[in-house]
Every structure is written in structure tokens, then in C-alpha cells.
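Structure record follows, encoded as C-alpha cells.
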Amino acid sequence: GLVYSKGGCAVIGTGQMICGVIAVTDSGFYVTQYNGSNWSSYLGLGQTSIANPGCTALGGGKALCTLVGVNNKVQGTVGP
């Protein structure tokens, strides 16, 4: 799908990363994960967003992604 040019990514393990992006079509927040050889399908988290997401590794193969929603409040999710 079409996404805005800036996304946020975090390395969650050797050769693995997770990225969050904002879709052009619905301004929704979507995440995808690279497992070292393939990207997963985009998972829509249903949040309408107005700012670029930022992701950081938490350890244990998890990442935290945050962004600003249309209500000007920070929203976040931890995964995978």
C-alpha cells in the first residue's frame, strides 16, 4: 500500500526489525516485521495519526512504537 515517506523502525534481534508507518489512504497506523528473510503483512492498529511514528527496541524481541493521534495525544503500542 501507499505510505507516507517517514516511518519508524527498531531492531528487535539479529537480522530482525519492526517498522511502523502511516497509510496515505486512511491515515491509519500500520506495523510490519522483518524476520531476517521476509516482511510480514501490514497489521492495521486502527489509530488515525497525524505525526510520524517512532519505534525503539525494548529488549526481549519487543519494540515500542509511538505517534501523535488526531486528538494531539501520544498513542503507543508494544509488540510483537
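The values are calculated or read from the model by the stated rules, or taken from the named source; none is laboratory data. The structure displayed is predicted, hence computed values, not measured ones. Note that each Cβ is placed from the backbone with ideal geometry, even for glycine, and that neighbours are counted across all protein chains shown. Ligands, DNA and RNA are stripped out before the accessible areas are found, and what is left, the full protein with its side chains, is counted by its heavy atoms. Shrake-Rupley method; radii C 1.70, N 1.55, O 1.52, S 1.80 Å.
Within this structure, T14 passes the test of being modelled with pLDDT of 90 or more, over 14 Å from the mean Cα position of the chain (by Cα) and not acidic (D, E).
Going residue by residue through the range 42-59, is there one that turns out to be in contact with a Ser or Thr (Cβ under 6 Å, 6 or more places away or on another chain), open to solvent by 80 Å² or more (accessible area, probe 1.4 Å), without any contact (Cβ under 8 Å) to a residue 60 or more places away in the chain and not in a strand (DSSP E or B)? Checking the range 42-59: at least one residue is in contact with a Ser or Thr (Cβ under 6 Å, 6 or more places away or on another chain), open to solvent by 80 Å² or more (accessible area, probe 1.4 Å), without any contact (Cβ under 8 Å) to a residue 60 or more places away in the chain and not in a strand (DSSP E or B). The number of residues in the range 60-80 that are in a strand (DSSP E or B) and either touching a residue at least 60 places away in the same chain (Cβ under 8 Å) or β-branched (V, I, T) (or both) comes to 6.
For the range 17-32: of the residues being open to solvent by less than 50 Å² (accessible area, probe 1.4 Å) and either small (G, A, S) or assigned to a loop (DSSP other than H, G, I, E, B) (or both), which is modelled with the lowest pLDDT? Going through the qualifying residues, I end up with S27.
Considered as a group, the residues in the range 1-16 that are in a loop (DSSP other than H, G, I, E, B) and of a type outside the set (S, T, Y) include one that is surrounded by the most Cβ atoms within 10 Å (Cβ to Cβ), and that residue is G7. Filtering the range 33-65 to residues that are among the polar types (S, T, N, Q) and at pLDDT below 90 leaves Q47, T48, S49, N52.
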